[in-house]
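The values are calculated or read from the model by the stated rules, or taken from the named source; none is laboratory data. Here the structure is a predicted model, which means the values were calculated and not measured. Here the Cβ positions follow ideal geometry from the backbone for every residue, glycine too, while neighbour counts run over all protein chains shown. Surface accessibility is based on the protein's heavy atoms, side chains included, excluding ligands, DNA and RNA. Shrake-Rupley method; radii C 1.70, N 1.55, O 1.52, S 1.80 Å.
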Amino acid sequence: MKCHITPLALAVAAALPSFVIQPAGAQTTLGEMVVKTSKIRDAAEPKEIGSAEIAAQHAITRDTASLLRDVPGVHLSGAGGVSSLPVIHGLADDRLRITIDGMDFISSCANHMNPPLSYLDPGNVAKIKVYAGISPVSVGGDSIGGTIIAETATPQFAAPGQRSLIKGEIGSFYRSNNNAMGGNLSATLANEFFSIHYSGAITTADNYKAGGNFKTTTATGRPGHTLPVDEVGSTAYKSLTHTLGLAFRADNHLLEAKLGYQNVPYQFYPNQRMDMLDNEQKRVNVRYLGQYGWGTLDGRVYYETVDHYMNFSDDKQLIYGTALNGMPMSSRGRTLGFNLKGDVYLTDDDLLRVGALYQHYTLRDWWPPSGTGAMSPLDFQNINHGKRDRLGFFAEWERHFGPQWTTLAGARYERLETDTNNVHGYGNAMGNQIPDAAAFNMRGHKRTDDNVDLTALARYTPDDMIDLELGFARKVRTPNLYERYTWSTWSMAAIMNNFVGDGNGYVGNMNLKPEKAYTASLTIDLHAADRKWEIKATPYFTYVDDYVDAIRLAPGTTNNQFVVLQYANHSAYLYGVDLSGNAVLAKTNLGEFGLRGLMNYTRGENRKTGDDLYNIMPLNGKLTFTHQAGGWNNAIELVGVTRKNAVSSVRNEIHTGGYFLTHLRTSYTWKNIRVDLGVENLFDRLYYLPLGGAYTGQGTTMGINGIPYGIAVPGMGRSVYAGINIKF
């Protein structure tokens with residue numbers, strides 16, 4: 001590797017977006033800087049969702065996690081309208097590492113209503129990288145599934161000699177089923193050395209309707225307010241997101257500051273007892289990136305504040321008797337962190353990555369008193385000044401052996417400390433609050449975990465029509481604060497601590513050990529030399545020691561109602577296969593015709609109890625016929641899912657039936673204008689979401705069995721959408 005660097009043009013070190021490491025012999029030009037980069041091809045190649053793919057989804061969804069639904073091995077666990085949770089090979093939520101512009105986020109909510117990707121509107125996303133399964137240690141840590149890396153737009157600058165750069169984008173969309181509408185706006189103003197960028201979005205939606213009647217009751221518990229039997233209660237939402245970026249550059253040094261703000265005035269949940277009635281996040285993220293003769297140095301420091309409030313929405317009963325007026329629940333999270341990474345080019349064929357991480361997180365989760373009865377006179381302290389400190393280091397060596405072999409080996413060490421203060425309930429004897437709090441307080445709360453991750457990957461390319469990748473990994477995750485420190489066995493309190501959407505109540509366990517996952521996977525990629533067709537298969541197997549599952553708090557055989565559970569360590573395994581492919585079928589005077597396909601199978605089992613693991617997607621597939629001619633892009637998408645019979649018995653998980661859906665899509669691009677039209681669920685099928693959880697979207701949800709058991713959350717019925725996007 002050779003590097004030619006001109007003298008600094010500015011006295012202040014200034015810095016910003018990423019330099020792109022190109023394939024063999026490529027050049028990256030940034031202002032006066034010319035860098036000849038390494039020949040090394042990444043051993044672990046993530047699936048990347050770029051700007052074109054994201055733009056095609058703007059009118060279809062405003063849930064950023066749903067941008068991942070065409071990634072092999074990835075599914076979505078149902079939640080709020082803009083807050084679904086990605087699932088990779090049966091592992092979801094905190095079992096995945098999800099970063100936004102290099103920041104690690106922690107959900108500050110007993111129901112995980114504010115997961116990381118909920119803080120981005122699709123209009124704010126530039127690209128997403130997904131490591132499904134085996135993740136290099138340089139992008140992993142404190143997770144046992146895969147890694148998802150979301151990035152907003154990198155700063156843009158005027159070309160040398162150009163006085164200024166002014167550009168922007170504006171868009172809007174509408175969806176008929178739930179009257180969803182919104183818009184996005186972005187703008188950039190820059191010269192050669194300074195850039196300022198803004199992007200923002202707003203989206204709002206009503207409850208959606210299923211493809212048929214899925215319940216027998218219209219009651220909500222609110223006088224004068226009922227819901228039709230085909231309306232999915234508690235699915236409305238409103239979200240506003242803003243990002244402001246400031247960037248400076250000088251030769252090979254870049255400095256960037258991004259300020260993010262999100263406000264969600266409301267987002268209701270069809271599979272939770274509560275609803276989010278306010279969520280405000282503020283974040284600042286400062287990054288330095290420098291190119292040196294030996295490689296690159298990438299560092300950032302960030303700070304995030306989250307203020308979160310829950311209560312009952314219009315679709316859930318608010319008044320109970322004369323003494324209880326709702327159930328206010330508040331939480332406050334604060335995160336301070338830094339990341340430092342260096343890429344050192346030892347030779348043209350050897351790359352060493354080293355790095356360090358520190359994150360300090362605090363959480364206060366309290367429930368103010370309500371009325372004068374069972375929920376008074378004190379605050380209920382659910383998590384009282386909880387703390388989670390994370391310190392990590394990693395080293396990773398990537399080696400290129402001739403034209404056919406690339407290997408990667410890495411190790412990562414992280415030290416996790418969790419703690420919390422003593423607690424108390426509402427200050428009355430209801431539901432064993434006093435003895436539960438006393439038992440919790442008499443124990444020491446501090447826990448320290450020393451976690452070691454190991455990854456080894458090898459990629460072999462015998463010719464230009466086949467790629468083989470074999471990987472092994474050991475990954476470790478420390479339980480979150482809610483898994484360790486929620487303490488009340490009172491069913492009313494326990495059902496408010498549930499981030500899996502099954503309608504049950506959960507109690508923490510201070511004795512939980514970190515989860516340790518051992519994964520092996522093989523990827524076989526067969527393709528034409530010009531990639532006009534390709535077929536890819538990835539079988540995988542994961543064994544998890546100390547998997548955090550659940551046990552019945554009060555042993556029993558009840559199988560037709562909601563129950564109270566406690567987190568417990570067991571051992572488990574997950575295995576499956578991802579299949580994907582695409583092909584150009586024909587090129588004619590009418591345009592290019594193509595085909596894309598996707599199929600996934602996952603199975604998970606608790607080895608101690610023999611029970612199936614919770615929320616595992618059944619066998620499913622997708623087939624898309626595409627057509628492109630000039631500015632037109634058209635598609636017919638067919639989605640099929642088999643019946644879900646493998647369910648978690650301890651949780652009384654609900655079975656769902658198989659279904660088949662048809663979607664139509666078309667778009668036209670003319671110069672800087674793009675128009676999208678389409679129909680989701682063309683035939684208005686009634687179907688239930690296999691990962692949607694239990695329907696708790698209406699009624700007397702404060703009582704554990706005050707609502708009907710056995711109704712799964714249905715998917716959306718027919719919906720026509722339209723969108724327009726203009727670049728200037």
Inset, instruction - List every residue pair whose Cβ atoms sit under 9 Å apart, with the two residues 6 or more apart in sequence or on different chains, where the first one lies in the range 148-164 and is within 14 Å of Lys129 (Cβ to Cβ) and the second, anywhere, is surrounded by fewer than 11 Cβ atoms within 10 Å (Cβ to Cβ). - result: none
Inset, instruction - Can you tell me which residue within the range 237-262, out of those that are closer than 19 Å to Asn184 by Cα and touching a residue at least 60 places away in the same chain (Cβ under 8 Å), is farthest from the chain's Cα centre (by Cα)? - result: Gly245
Inset, instruction - Sort through Ile144, Ile106, Ile134 and tell me the only one that's modelled with pLDDT of 95 or more, open to solvent by 10 Å² or more (accessible area, probe 1.4 Å) and assigned to a loop (DSSP other than H, G, I, E, B). - result: Ile106
Legend entry - Conditions (1) part of a strand (DSSP E or B); (2) surrounded by fewer than 18 Cβ atoms within 10 Å (Cβ to Cβ); (3) at pLDDT below 95; (4) not acidic (Asp, Glu); number of the one not met by Pro403: (1)
Inset, instruction - Filter the range 411-432 for residues that are touching a Phe, Trp or Tyr at 6+ places or on another chain (Cβ under 7 Å) and free of Cβ contacts under 8 Å to residues at least 60 places away in the same chain and give the result. - result: Tyr413, Tyr426, Asn432
Inset, instruction - Give the residues of the range 513-560 that are over 21 Å from Thr486 (Cβ atoms), under 30 Å from the mean Cα position of the chain (by Cα) and in a loop (DSSP other than H, G, I, E, B), sorted by residue number. - result: Arg531
Inset, instruction - Only residues in the range 667-688 that are within 21 Å of Asn178 (Cα to Cα) count as the first member; pair them with residues that are open to solvent by 50 Å² or more (accessible area, probe 1.4 Å) and in a loop (DSSP other than H, G, I, E, B), Cβ under 6 angstrom, at least 6 apart or cross-chain, and list the lot. - result: Asn681/Arg718; Asp684/Arg718
Inset, instruction - Residue by residue through the range 561-607, note down the ones that are within 28 Å of the chain's Cα centre (by Cα), more than 30 Å from Gly706 (Cβ to Cβ) and among the aromatic types (Phe, Trp, Tyr). - result: Tyr573, Tyr575, Tyr601
Inset, instruction - Among the residues of the range 235-250, write down those that are among the aliphatic types (A, V, I, L, M) and open to solvent by 50 Å² or more (accessible area, probe 1.4 Å). - result: Leu244, Leu246
Inset, instruction - Answer yes or no as to whether Thr588 is among the polar types (S, T, N, Q) and within 20 Å of Trp533 (Cβ to Cβ). - result: yes
Legend entry - Qualifying positions in the range 583-616 - hydroxyl-bearing (Ser, Thr, Tyr), open to solvent by 80 Å² or more (accessible area, probe 1.4 Å) and more than 30 Å from Ile636 (Cβ to Cβ): Thr609
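One line per residue, one yes/no per condition, for (1) among the hydrophobic types (A, V, I, L, M, F, W, C); (2) part of a strand (DSSP E or B):
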| residue | (1), (2) |
| --- | --- |
| Asn600 | no, yes |
| Thr609 | no, no |
| Asn633 | no, yes |
| Val639 | yes, yes |
Inset, instruction - Give me a count of the residues in the range 72-86 that are outside any loop (DSSP other than H, G, I, E, B) and not hydroxyl-bearing (Ser, Thr, Tyr). - result: 5
Legend entry - Qualifying positions in the range 459-505 - surrounded by fewer than 23 Cβ atoms within 10 Å (Cβ to Cβ), among the hydroxyl-bearing types (Ser, Thr, Tyr) and farther than 17 Å from Ile704 by Cβ: Tyr460, Thr461
Legend entry - Considering residues of the range 215-234 that are open to solvent by less than 10 Å² (accessible area, probe 1.4 Å) and among the β-branched types (Val, Ile, Thr) only, the residue nearest to the chain's Cα centre (by Cα): Val232
Legend entry - Residue list for the range 547-601, filter: among the hydroxyl-bearing types (Ser, Thr, Tyr) and under 21 Å from Ala493 (Cα atoms): Thr558, Tyr567
Inset, instruction - Just one of (1) under 17 Å from Leu259 (Cα atoms); (2) under 23 Å from the mean Cα position of the chain (by Cα) trips up Gly145, so point out which. - result: (1)
Legend entry - Residues of the range 257-291 classified as touching a Lys or Arg at 6+ places or on another chain (Cβ under 6 Å) and crowded, with 17+ Cβ neighbours inside 10 Å, total: 4
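Condition check ((1) under 30 Å from Ala411 (Cβ atoms); (2) open to solvent by 60 Å² or more (accessible area, probe 1.4 Å); (3) small (Gly, Ala, Ser); (4) in contact with a Leu (Cβ under 7 Å, 6 or more places away or on another chain)) across all residues:
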{"site": "Ala323", "(1), (2), (3), (4)": "no, no, yes, no"}
{"site": "Ser330", "(1), (2), (3), (4)": "no, no, yes, no"}
{"site": "Phe338", "(1), (2), (3), (4)": "yes, yes, no, no"}
{"site": "Val344", "(1), (2), (3), (4)": "yes, no, no, yes"}
{"site": "Leu352", "(1), (2), (3), (4)": "yes, no, no, yes"}
{"site": "Gly355", "(1), (2), (3), (4)": "yes, no, yes, yes"}
{"site": "Tyr361", "(1), (2), (3), (4)": "yes, no, no, no"}
{"site": "Asp365", "(1), (2), (3), (4)": "no, no, no, no"}
Inset, instruction - Among what's in the range 47-77 and is free of Cβ contacts under 8 Å to residues at least 60 places away in the same chain and open to solvent by 30 Å² or more (accessible area, probe 1.4 Å), pick the residue that is farthest from Thr626 (Cα to Cα). - result: Arg69
Inset, instruction - Check off (1) part of a loop (DSSP other than H, G, I, E, B); (2) surrounded by 17 or more Cβ atoms within 10 Å (Cβ to Cβ) for Asn569 and give me the number that stays unchecked. - result: (1)
Legend entry - Given (1) within 30 Å of Met496 (Cβ to Cβ); (2) in contact with a helix residue (DSSP H, G or I) (Cβ under 9 Å, 6 or more places away or on another chain), index of the condition Pro122 fails: (1)
